[in-house]
1. Could you sort the peptides 171-183, 315-327 by per-residue average Cβ neighbour count (10 Å cutoff), highest mean leading?
2. Apply 1/(1 + (r/R0)^6) to the Cβ-Cβ distance of residue 38 and residue 308, taking R0 = 56 Å, and write down the FRET efficiency to the nearest 0.05.
3. Evaluate the Debye formula for the range 274-406 with equal point scatterers sitting on the alpha carbons, no solvent, and hand back log10 of I(q)/I(0) at q = 0.18, 0.22 Å⁻¹, in q order, two decimals.
4. Determine one quarter of the surface area of the Cα convex hull of the range 225-313, which equals its mean projected area, and express it in nm² to one decimal.
5. Be a star and scan the range 333-366 for residues whose amide nitrogen sits under 13 Å from the point 7 Å along the Cα-to-Cβ vector of residue 249.
6. State, to one decimal in nm, how far the label point of residue 383 lies from the label point of residue 227, with both points 7 Å from Cα in the Cβ direction.
7. What is the ratio of the Cα radius of gyration of the range 320-365 to 2.2 N^0.38 Å, where N is its residue count, to two decimals?
8. Rank by packing, highest mean first: peptides 402-412, 429-439, 495-505, with packing defined as the count of other Cβ atoms within 10 Å averaged across residues.
Ligand code: BG6
């Protein structure tokens, strides 16, 4: 295990992402003992001119998840906030980053251990437009030191001419964490990747997709490859279709300006849902090594065929354009359903239906694997519904198998029921960690398994870019739908056309405790 000084620098410290996700995740790690006060310093950096205490005050209210915080929690909050310091500066200002480096170095020395390790984690809670300049500044002024004891700036490895393998054997590391959107299409994403790639090596870059940090997403590999049940069934011979669904019951209020530039495909489908698709569809990796897993994900992505216009339904909820930050003539989709087809031996002919929408009738994310009908059905129960394996990512994490059983009683009739593994019931008292918490811990440990590799990102953009360009050019337009509805009806029709058979009259009800 590594030890020595660990500096976590949150850039964009006064923004929404930092307040709502990054700092609370750091706090949870601190509370669980993963961030030791004798090793860790946390720095906020942003343009706003505020003091350390003002930043602490801004963050405080977001740290405790549950309402009923105990006095122990309040004490932990106070101790955590003491670790945080603030430096203000522009995202392209040398002085700002020099000042930041000075602060980091000063506290590194104070928290140095015998080994003199200098570990620096830069979390870019920033819009991607400033990634290149921020990365340049970090690269030139804020890299980890070879040896904390032996001095400061002259040992700064940024004085060494740009070279590869910056982290190895230099007594520590520098890593950067970046958030989506990584570009708007293939070309802009590739530009961004090469700009950052000139400054940092791939093992130093952590591209976060927070869906990869969700408990049930992380469970997918275990489910698929550690269970004999699934091995023979998980293919085109048995599976009729797969749906990966994201629904939110609120609109884009408050972030219409951002959203309108991206739309639901870039915001949810190209990243979150596609990552889930990879884990559902990929072949068994050689081992659990991050590179082995990511190699398999890339292969799936490269096997996805061009999306056909007739297999896409777009929607925009009524009232979306009332947001003053959204243009009156916006054709940005807030809803999309589309069919992806994977051209390989396992999945040829099996539609993967990706569906995401804002302002719908419910909030949930799930994977629904629908099996084919039983051949030679003697129960005449075909109309009742098909076997389905459902993984409910959120809320009420669960997985359940919808299956046909004998209706209890004297008659020989059949009914739809389920084998249900609901986490709340099965794992009572277990707190499921937040996605960001887990992923930040991975960045500290240097585990890139749950992060998106550069070639994976490129393959993901290759799938969606032609479609996105047609939408941007106004060649495909969204259908209107009512907020609080299921989205445009045409989406259900597309689902049926793709072969999904809905089970009428059956609803899975999460068990109450
Ligand atoms: C973000 C999107 O990446 O994910 C948001 O930008 C969306 O639009 C959010 O609301 C959903 O995340 P979660 O974890 O609440 O499902």
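1. 171-183, 315-327
2. Details: r = 58 Å, r/R0 = 1.04.
That gives a FRET efficiency of 0.45.
3. Per q value, in the given order, log10 I(q)/I(0) is -1.20, -1.32.
4. Working: hull surface 34.1 nm².
Averaging across all directions leaves 8.5 nm² for the Cα convex hull.
5. Only 359-365 fall inside the zone, counting backbone N under 13 Å.
6. 3.2
7. Working: Rg = 16.0 Å, N = 46, 2.2 N^0.38 = 9.4 Å.
Ratio of Rg to 2.2 N^0.38 Å for the range 320-365: 1.69.
8. On the way: 402-412: 11.7, 429-439: 16.6, 495-505: 14.4.
Listed from highest to lowest mean packing, they are 429-439, 495-505, 402-412.
All of the numbers you see were taken from the coordinates with simple rules; none came from a lab. Remember, it's a predicted structure, so these values are computed and weren't measured experimentally. Methodologically, a virtual Cβ is constructed for each residue, glycine included, from the backbone with ideal geometry; neighbour enumeration extends over all protein chains shown.
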